[in-house]
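Novice: Here it is, the structure, as structure tokens.
The values are calculated or read from the model by the stated rules, or taken from the named source; none is laboratory data. Just so you know, these numbers come straight off a predicted model, no measurement behind them. No Cβ is skipped: glycine too gets one built from the backbone with ideal geometry, and neighbour counts run over all protein chains shown. The area values use the complete protein model at the heavy-atom level, side chains included, leaving out ligands, DNA and RNA. Shrake-Rupley method; radii C 1.70, N 1.55, O 1.52, S 1.80 Å.
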Amino acid sequence: MKRLMSGFIAALLATLHCGAQEARSYVLVQDGVAKASLVLAATPSKAAQFAAGEIQHHVRLITGVTLPIVQDGEAIDGIQIAIGDTSAARKAGIVASELGPQEYVVAGVEGGIILVGLDSAELVEVVYDPANWALGANWPGLWEAQATLYAAYDFLENQCGVRWLNQTELGTVYDERTTLSVEVETGLLPRRPFFAYRDTLGAVGDNVSQYDRYTHLWSPQDEEFQAWDALAYAGTRQQYAGGGFEAARAKLSQLFLLRHRSGGSPARCNHSLYGYYARFWEKRPGQEALFEEQRPEYFAKGYEGEPPQLCYMDPGLVKQVAQDARDYYDGKSTAKEQGIFWNPTLPNPFPVEPMDNSFYCKCERCQEYLKVHEQGSNGLYTNGVYSDYFFQFVNAVAEELATTHPDKVILTLAYSSHGLPPSFEMARNVQIEYCVAANRSPFSTDYAHELEVLRQWATLTPTQPLYLWLYYTFPLEQARNGKYHCFPGFFAHAIGEQFRFFADQGVNGMFHCGWGQEVEAYVTLKLMVDPRLDVEMLLDEYFKGLYGAAAAPMKQMYLAMEKTYVDPALRLEKGASGPGLAWGRLGTAERMAEFQAFLDQAKGAATTEREQRAIAMFEHSTWSYMLQGRASYVERQKAPIPTVNVPRLAAVDGDLSRIDWSKAAPLSESWYVRGGSQLSERRYSGRVAHDGEWLYLELIDHCPTEKVVVSPGVFPFDDWELFIARQRDLPYRQVAVGPTGSIKVLSHGEVNWRRNVVIEEHGVQAVSDTSAPDQWVTRLAISFDDSLAGGRPEGRIFLNIVRVINPALAGEGRLGIDTWVSHCTVHEVDRLGELVLQP
């Protein structure tokens with residue numbers, strides 16, 4: 001809480017490692033003989049039991065010696081390591097229950113070491129067996145109080161020198177020795193992780209079994225992922241050849257996250273109001289139990305079919321959402337029962353966030369409010385066009401909730417078109433989770449803007465915690481959607497700069513949408529606990545720990561890749577996207593040769609089987625992905641781009657009803673699945689003509705029209721999307737046409753190289769016909785004077801045509817994308833087809 005935080009950031013950072021205090025020396029193991037015992041209370045917490053197991057396990061790894069675990073009061077030899085709410089802790093004046101959330105103490109006292117923190121009161125027996133991880137049971141959950149375990153990990157890292165670099169068999173590193181002596185500071189000042197909310201698995205919930213998939217460039221079904229997997233868990237697979245491997249694998253991921261203190265105090269927010277369609281619009285298959293009654297007044301007006309948003313000026317909606325919040329806090333209904341798809345649970349604050357689009361209500365009341373409170377668009381992704389409109393609704397819900405529950409809060413996102421702070425103060429019981437969409441794009445024009453917006457939010461919300469939504473999902477998400485390989489988004493040093501800034505702004509924690517790759521994962525996990533750590537030190541820990549004698553060239557390769565990814569000069573204002581950017585500008589042949597040279601040096605320097613195995617894992621997880629991306633790009637560059645001679649017809653001034661389509665030139669009926677040369681199984685046809693003033697297109701999708709879905713905002717499906725320009729580069733325009741003939745036109749790169757700028761006067765006309773059961777026919781007239789960035793064409797136009805298909809019709813479980821030009825998807829203007837306009 002900035003207000004609380006900004007005043008004691010310096011003090012809190014000092015407590016993380018307590019500065020230069022007096023320390024005591026202890027010998028835990030001497031010449032292979034145990035000189036210490038692990039002491040637990042008679043009824044220890046789950047965290048204390050687990051902590052004792054972890055310390056015993058790691059000391060055994062380091063020394064080969066097993067320290068005994070005994071109960072408080074039993075006779076011991078040597079010193080005691082008192083874990084949890086023990087008599088030794090109480091004698092030192094530390095009562096666990098009096099510590100704050102996530103607080104713990106690591107202290108040296110006479111006769112031993114104290115490790116104690118505030119833990120969950122649940123008292124059950126923990127099953128902790130390093131010889132058989134699959135049997136593990138009753139382990140602390142990521143979101144439950146477990147500060148004694150935090151104390152144990154602090155001790156293992158800072159006193160015993162253990163590091164957990166990744167979740168695999170090679171990830172735990174330490175120096176073997178027969179004598180283990182430590183120095184522990186005597187101060188009793190409590191410590192805690194700097195950020196209270198540390199959400200590593202945000203986009204996959206708490207499914208730790210998905211962690212490997214979450215950090216990987218390859219998908220689990222890919223051969224290279226499986227080759228990496230075989231190396232990463234060779235011993236584990238052999239141990240569990242008869243069954244239990246997946247359980248053990250999940251436990252290794254859970255261990256890794258626990259060891260890095262992932263979790264804390266949950267504050268997840270996401271689009272929470274989708275459930276209102278199943279509750280108050282109409283009964284939905286599979287969700288019949290959610291339906292309460294039809295309340296059309298709750299929903300946005302002015303759209304065809306199902307409204308894309310709710311009406312955020314409706315007083316009844318305010319009362320309903322506030323009542324949902326009351327029922328959530330009172331335990332009368334769960335988020336799942338309210339239709340919130342990601343099912344937050346207490347103590348997570350109650351979320352209020354609209355649907356993921358900007359198609360807001362067009363009723364008179366809403367439009368009048370928007371006219372008065374319109375902030376205007378800055379042309380950037382994070383803007384405030386709808387900030388006043390949406391946040392007035394959030395305030396109204398929060399104020400209604402406060403009439404009966406003054407101590408309860410509403411959590412909401414500051415996101416996209418409501419990303420900027422509003423022109424008024426937020427209600428005192430509203431918490432903000434600000435979406436930093438460009439955090440993994442420090443080269444972009446949006447980056448500095450979004451950090452400045454964070455500063456504004458920190459100033460505006462001085463009495464409530466402030467959280468972040470970070471987008472580690474890019475650039476991999478775009479690559480997977482486009483079916484190409486991205487240049488990996490390595491950005492460790494930018495993470496360090498960001499986390500120091502986050503700390504300065506008093507941020508309380510963060511949700512991660514996407515994760516990794518492995519180096520970024522390690523750096524981020526460490527900085528969530530202590531944002532002052534030096535990134536260079538962390539990189540040295542990672543590369544030396546994992547690659548040993550081969551560390552130097554492996555780190556050099558990473559730094560060269562990182563420098564390439566974050567260099568704004570390689571992302572020129574007039575720029576490519578997709579594979580053209582990834583491998584035409586970043587992963588060029590020359591740079592790939594440079595990277596290969598580093599890798600060859602590393603392979604030559606590796607002296608042990610472990611080092612060789614770690615390098616091989618990198619080759620399968622990352623280098624093979626890059627090599628294939630580069631090879632696919634080379635193939636892409638060789639692939640032909642269509643050219644069509646477009647006949648000139650008699651002028652009809654854009655009147656589509658007067659076109660003689662029999663005289664138009666046919667488009668190729670070979671269409672491609674996005675990103676490659678695979679022919680689409682769907683059937684399309686089209687024709688094109690011009691009259692000197694207008695371009696005319698007829699596009700036909702031979703599909704069951706009953707399955708075509710109308711989107712109120714045209715995007716995201718079903719639609720035809722045309723990418724049209726005077727050249728194969730910026731600037732260009734994107735024309736989208738839906739099944740009803742609705743049109744949306746966006747400009748890319750015309751003014752200050754801004755993208756996604758809505759064009760209202762666009763010079764495009766369209767008619768659409770879905771009356772036939774087996775074909776959707778769309779016809780367009782595109783004005784040469786008004787529809788092309790830069791003005792009239794000079795004898796030719798460059799064009800790609802994309803069919804975006806709803807998931808049910810595509811049969812892919814996600815949006816389908818088919819393209820007229822091969823080896824591309826949306827926005828890849830370097831492969832626009834050529835239309836030669838006949839005189």
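Novice: Per residue, how much space in cubic angstrom lies within the convex hull of the C-alpha atoms of region 487-625?
Specialist: 119 Å³
Novice: Which of the peptides 400-406, 250-256, 208-214 is most tightly packed, and how do the rest follow, going by the mean number of other Cβ atoms within 10 Å of each residue?
Specialist: Ranked from most to least packed, the peptides come out as 250-256, 208-214, 400-406.
Novice: Another question about this same structure. Please work out whether region 379-474 counts as rounded, prolate or oblate from its C-alpha gyration tensor, where a ≥ b ≥ c are the square roots of the eigenvalues and a/c under 1.5 means rounded, while otherwise a/b larger than b/c means prolate and anything else oblate?
Specialist: Prolate, since a/c reaches 1.5 and a/b exceeds b/c.
Novice: With +1 on each Lys and Arg Cβ and -1 on each Asp and Glu Cβ, how big is the dipole of region 266-352 about its Cα centre, in debye rounded to the nearest 20?
Specialist: Taking the Cα centre of region 266-352 as origin, the dipole is about 240 debye.
Novice: For the pair GLU122 and SER771, how long in nm is the line joining their label points, each one 7 Å along Cα→Cβ?
Specialist: Once both label points are built, they end up 6.3 nm from each other.
Novice: Listed highest first by mean packing, meaning other Cβ atoms within 10 Å per residue, what order do 719-728, 684-693 come in?
Specialist: My ranking of the peptides, most packed first, is 719-728, 684-693.
Novice: Using a 1.4 angstrom probe with every protein chain in place, what is the largest-first accessible-area order of HIS260, HIS57, HIS702?
Specialist: HIS702, HIS57, HIS260
Novice: Follow-up. Along region 35-50, what does the Karplus equation 6.51 cos²θ - 1.76 cosθ + 1.60 (θ = phi - 60°) give for ³J(HN,Hα), rounded to whole Hz, x for Gly and Pro?
Specialist: Going residue by residue, I get 10, 8, 10, 9, 10, 10, 5, 4, 10, x, 5, 4, 4, 5, 4, 5 Hz, with x marking Gly and Pro.
Novice: So what's the gap between the Cα centers of region 525-557 and region 464-516, to the nearest angstrom?
Specialist: 18 Å
Novice: Could you give me D for region 415-535, from Stokes-Einstein at 10 °C and 1.306 mPa s, where the hydrodynamic radius is the Kirkwood radius over C-alpha pairs? Units µm² s⁻¹, please.
Specialist: D = 105 µm²/s.
Novice: Here's something else I'd like to know. Using a probe radius of 1.4 Å on heavy atoms only, what accessible surface per residue do you get for region 54-152? Whole Å² is fine.
Specialist: Per residue, region 54-152 has an accessible area of 40 Å².
Novice: A follow-up question, please. At a Förster radius of 41 Å, what calculated FRET efficiency corresponds to the Cβ-Cβ distance of VAL634 and LEU61, to the nearest 0.05?
Specialist: Efficiency for this residue pair is about 0.35.
Novice: When the accessible area of the chain is split by element with a 1.4 Å probe, what percent falls to carbon and sulfur? Each step should come with its number before you reach the end.
Specialist: Details: 16060 of 32130 Å².
That share works out to 50 percent.
Novice: Further question: Hey, rough spin-label estimate for LEU189 and ARG610, points 7 angstrom out along Cα→Cβ, what's it come to in nanometres?
Specialist: Going from the LEU189 label point to the ARG610 one covers 3.6 nm.
Novice: Which translational diffusion coefficient, to the nearest whole µm²/s, is obtained for region 572-616 from the Stokes-Einstein equation, given a Kirkwood hydrodynamic radius over C-alpha pairs, 4 °C and 1.567 mPa s?
Specialist: Numbers: Rh = 12.5 Å.
Answer from the Stokes-Einstein relation: 104 µm²/s.
Novice: Any idea how far the Cα center of region 741-819 sits from the one of region 671-708, in Å?
Specialist: 11 Å
Novice: Search the structure for amide H atoms under 5 Å from the amide H of GLY84, placed 1.01 Å from N in the peptide plane, and list their residues when 5 or more places away or on another chain.
Specialist: Amide H neighbours of GLY84, under 5 Å, 5+ apart: LEU115, VAL116, GLY117.
Novice: In the chain, if every C-alpha pair distance is counted and binned at 10 Å from zero, what percent goes to each bin?
Specialist: Calculated over all Cα pairs of the chain, the distribution is 2, 11, 20, 22, 20, 13, 7, 3, 1, 0, 0 percent.
Novice: Continuing with this model, one more query. What base-10 log of the normalised intensity I(q)/I(0) is obtained for region 35-169 from the Debye formula, alpha carbons as equal point scatterers, at q = 0.16 Å⁻¹?
Specialist: Rounded to two decimals, the profile gives -0.77.
Novice: Would you mind working out the accessible area per residue for region 196-288, using a 1.4 Å probe, and quoting it in Å²?
Specialist: For region 196-288, the solvent-accessible area averages 36 Å² per residue.
Novice: Something else about it: Let me know the Kirkwood hydrodynamic radius for region 222-279, please, with Cα pairs as the basis and the value in Å to one decimal.
Specialist: Kirkwood hydrodynamic radius for region 222-279: 14.9 Å.
Novice: Give me the three principal axis extents of region 676-817 from the C-alpha atoms, as integers in angstrom, largest value leading.
Specialist: Extents along the principal axes: 39, 32, 31 Å.
Novice: Just the Kirkwood number for region 547-602, please: inverse of mean 1/r across all distinct Cα pairs, in Å, one decimal.
Specialist: Every distinct Cα pair counted, the radius reaches 12.0 Å.
Novice: Can you give the alpha-carbon Rg of region 638-708 over 2.2 N^0.38 Å, where N counts its residues?
Specialist: Against the compact-globule rule of thumb, the ratio is 1.31.
Novice: How far is helix 445-460 tilted off the main Cα axis of the chain, in degrees rounded to 10, range 0 to 90?
Specialist: For 445-460 against the chain, the angle is about 60 degrees.
Novice: Compute the helix-to-body angle for 223-232: its Cα long axis versus the longest principal axis of the chain, expressed 0 to 90° and rounded to tens.
Specialist: 10 degrees
Novice: How many nm is it between the label spots at GLU681 and PHE715, if each spot is 7 Å from the Cα in line with the beta carbon?
Specialist: Going by the 7 Å Cα→Cβ label model, 2.9 nm.
Novice: Would you please state which residues of region 395-421 a label at ASN756 would reach in this model, taking the label point 7 Å out along Cα→Cβ and a backbone N cut-off of under 12 Å?
Specialist: Counting only backbone N, you get 415-419.
Novice: Now for a separate question. Just from its helices, what would the mean residue ellipticity at 222 nm be for the chain, if runs of 4 or more DSSP H residues each count -39500 (n - 2.57) and the sum is divided by every residue, rounded to the nearest 500 deg cm²/dmol?
Specialist: -9500 deg cm²/dmol
Novice: Averaged across orientations, what area in nm² does the convex hull of the alpha carbons in region 274-396 project?
Specialist: 8.4 nm²
Novice: Let me ask something else about it. Can you give me the Cα centroid spacing of region 125-194 and region 398-431 in angstrom?
Specialist: So the two Cα centres are separated by 38 Å.
Novice: Tell me which residues come under 5 Å, amide H to amide H, from ASP719 once H is placed; ignore anything under 5 positions away on its chain.
Specialist: Answer set, sorted by chain and number: VAL804.
Novice: How big is the Rg/Rh ratio for region 716-758, C-alpha atoms only, Rh by Kirkwood, two decimals?
Specialist: Result for region 716-758 is an Rg/Rh of 1.02.
Novice: Can you give the FRET efficiency for VAL204 and GLU306, using 1/(1 + (r/R0)^6), R0 = 25 Å, r = Cβ-Cβ distance, to the nearest 0.05?
Specialist: Details: r = 28 Å, r/R0 = 1.12.
My answer for the efficiency is 0.35.
Novice: How much accessible area does LYS563 have with a 1.4 Å probe, in Å² rounded to the nearest 10?
Specialist: It works out to around 150 Å².
Novice: Explain nothing, just compute: Karplus ³J(HN,Hα) = 6.51 cos²θ - 1.76 cosθ + 1.60, θ = phi - 60°, for every residue of region 784-790 in order, whole Hz, x for Gly and Pro.
Specialist: Listing the rounded values in order: 5, 6, 10, 9, 10, 5, x Hz.
Novice: In addition: At each listed q (0.21 Å⁻¹), what is the log10 of I(q)/I(0) that the Debye formula gives for region 609-761 modelled as equal alpha-carbon point scatterers?
Specialist: Values, matching the q order: -1.49.
Novice: In addition: To the nearest 10 degrees, how steep is helix 364-373 against the longest Cα principal axis of the chain, on a 0 to 90 scale?
Specialist: Result, in degrees: 70.
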